[in-house]
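Peer 1: Supplied in C-alpha cells, the structure appears directly below.
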Amino acid sequence: GEVVLFGEDTTGSRFLEGCHHDAFTFRAQVVELRRKPSVPIGEHGRDGKGDTPEYPDRGVRLRAICAAGKQDVAWAALTPTLPGAWMIGASSDHLIVDVEDCGGQVRVGDWMEFRCGYMAVLDATTSAYVDIVVK
C-alpha cells in the first residue's frame, strides 16, 4: 500500500524513483508565532497520552503553533515542506513547529503544509475534525 500511495519502500526506508511522494498534503493554520526556549521551563510531566516528551536543548527558537494536533493527525509522521522548518511535537490540539531557520517567511494566519507519512494519512482521513480536499 505505501508503495502505491507514497512511492516508498518501507522495508528499505527509501523512496522509489519515478513515483510521486507528495500525493497527500496536510495543512494547518499558524495561530501563534513566538520565540521560546527549546526546553520547557520547570518539571516535565507526561502528556495526555502518557508519554514523557524529550526536548533537545537548542536555545531560544522561533516556534509556530498550528491549529491541529494529536486528535487530528499523527504528528511524528508529518514533515514540513518549508525548508528549514522541523517538527518539535504536538499537544492534543496544536502542532509545534520550529521555524527559526525559515528566514522570517512564516506569519500568524499562514497555512503551513506538511508531507504525510502513512500514519498521518490514516489519522487525518479518519478524523471528524479534518476536511479532506481532493484535487
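Peer 1: Sort largest first and round to whole Å: the equivalent ellipsoid semi-axes of the stretch 58-129, each the square root of five times a Cα gyration tensor eigenvalue.
Peer 2: Values: eigenvalues 91, 28, 25 Å².
Working through the eigenvalues yields semi-axes of 21, 12, 11 Å.
Peer 1: Taking the Cβ-Cβ separation of GLU54 and SER92 as r and a Förster radius of 25 Å, what is the calculated FRET efficiency to the nearest 0.05?
Peer 2: So the FRET efficiency works out to roughly 0.85.
Peer 1: Here is a follow-up. Pick from GLY45, GLY109, GLY12: which residue has the top mean-square fluctuation in a GNM of the chain where Cα pairs under 10 Å get a spring?
Peer 2: Highest fluctuation among the options: GLY12.
Peer 1: Less than 14 Å Cβ to Cβ from HIS44, Lys/Arg counted +1 and Asp/Glu -1: what total charge do the surrounding residues give? Show your work: numbers first, answer last.
Peer 2: Working: positive: ARG46; negative: GLU43, ASP47, ASP51, GLU54, ASP57.
Around HIS44, the surrounding residues sum to -4.
Peer 1: Taking amide H positions as placed in the peptide plane 1.01 Å from N, state which residues far from TRP86 in sequence (5 or more) or on other chains have amide H under 5 Å from it.
Peer 2: For TRP86, the qualifying residues are ASP98.
Peer 1: Can you list the HN-Hα couplings for the stretch 70-84, worked out from phi with the Karplus curve (6.51, -1.76, 1.60; θ = phi - 60°), rounded to whole Hz and with x for Gly and Pro?
Peer 2: The phi angles translate into 4, 6, 10, 7, 6, 4, 5, 9, 10, 10, x, 7, 6, x, x Hz.
Peer 1: Between SER38 and THR11, with labels modelled 7 Å along Cα→Cβ, what's the label distance in nm to one decimal, could you check?
Peer 2: Between SER38 and THR11, the label points sit 3.7 nm apart.
Peer 1: Evaluate 2.2 N^0.38 Å with N set to the residue count of the chain, then give the Cα radius of gyration divided by it.
Peer 2: Compactness ratio reported: 1.10.
Peer 1: Also, quick follow-up: Sequence neighbours fewer than 8 away in the same chain don't count; with that in mind, list the aspartates and glutamates whose C-alpha is under 16 Å from LYS49.
Peer 2: Hits, sequence-local ones excluded: ASP72, ASP93, ASP123.
Peer 1: Please find the FRET efficiency linking THR126 to ASP101, where r is the Cβ-Cβ separation and R0 is fixed at 35 Å, and quote it to the nearest 0.05.
Peer 2: 0.60
Peer 1: Another question, then. If I build a Gaussian network model for the chain, linking alpha-carbon pairs within less than 10 angstrom, which residue out of VAL31, VAL73, VAL97 has the largest mean-square fluctuation?
Peer 2: Among VAL31, VAL73, VAL97, the largest mean-square fluctuation in the Gaussian network model of the chain belongs to VAL31.
Peer 1: Moving on. Going Cα to Cα from LYS135, which lysines come in below 26 Å? Please leave out same-chain ones fewer than 8 positions away.
Peer 2: LYS135 reaches LYS70.
Peer 1: Still on this structure, please answer the following. Which one, VAL134, LEU16, GLY84, is farthest towards the positive end of the dipole of the chain when Lys and Arg carry +1 and Asp and Glu -1 on their Cβ?
Peer 2: Projecting each Cα onto the dipole axis, the largest value belongs to GLY84.
Peer 1: Counting helices only, and only those DSSP H runs with n ≥ 4, report the 222 nm mean residue ellipticity of the chain as the sum of -39,500 (n - 2.57) divided by its residues, in deg cm²/dmol to the nearest 500. Mind showing how you got there, number by number?
Peer 2: Values: 2 runs with 14 residues, N = 135.
Here the helix-only value at 222 nm equals -2500 deg cm²/dmol.
We did not get these values from a lab; they are worked out from the coordinates using the rules stated. Fair warning: this is a prediction, and the values are worked out from it, not measured in the lab. All Cβ positions, glycine included, derive from the backbone under ideal geometry; neighbour counts span all protein chains shown.
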